[in-house]
Amino acid sequence: MAKAAVVILADTDGHGNLGRVVNGLETAKEFAQNEDDELELVFDGAGTQWIPELEDPESDYHELYQAVKGDAVACDYCAGAFGVEDAVDDAGIVALDDHDGHPSIRSLVDDDYEIITF
């Protein structure tokens, strides 16, 4: 059994960042498909901006996102800072504020999650 926290930090600008988010979602999907694995998919920093993009059914990666959305959370502070808190709420994504308004990466490490960033 593996425990993985896939953290999406990539901004929505540029081809390289698109590659990062797609690779992050594919990695999350691989863990999600193994029923013995535990997965946390964390949209943090500029990565929170991907949620409204991926919620759009016209997005090329909407289906991939839907495959892992049930494991997704977002940074509460960053969703507000990047102006997507309403979109995060509308998507039904839990916004975490465990540590100074942000998700606690330390608690994931303490729970033996491998942290993988994109």
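Given their separation in residues at 0.36 nm each and the Cα-Cα distance between them, Glu58 and Asp111 gain 15.4 nm when the chain is fully extended. Under 5 Å between amide hydrogens, built in the peptide plane, is the criterion, and for Ala2 it picks out Asp37, Glu38 among residues at least 5 positions away or on other chains. Positive end of the dipole of the stretch 3-117 (Cβ unit charges, origin at the Cα centre): among Asn17, Thr48, Ala32, the Cα lying farthest that way belongs to Asn17.
With point charges of +1 on the Cβ of Lys and Arg and -1 on the Cβ of Asp and Glu, referenced to the Cα centre of the chain, which listed residue (Ala81, Ala67, Phe118) lies farthest in the positive direction of the dipole? Of Ala81, Ala67, Phe118, it is Phe118. Just the number, please: Stokes-Einstein D of the stretch 53-104 in µm²/s, Kirkwood Rh from C-alpha pairs, 10 °C, 1.306 mPa s. Using the Kirkwood radius from Cα pairs, D works out to 138 µm²/s. Remark: the chain carries a charge dipole of roughly 280 debye about the Cα centre, counting +1 on each Lys and Arg Cβ and -1 on each Asp and Glu Cβ.
Read-outs: derived from the displayed coordinates by stated rules, not from any lab. Computed from a prediction, not measured in an experiment: that's the story for all the values here. Here the Cβ is made from the backbone with ideal geometry for all residues, glycine too, and neighbour counts use every protein chain on show.
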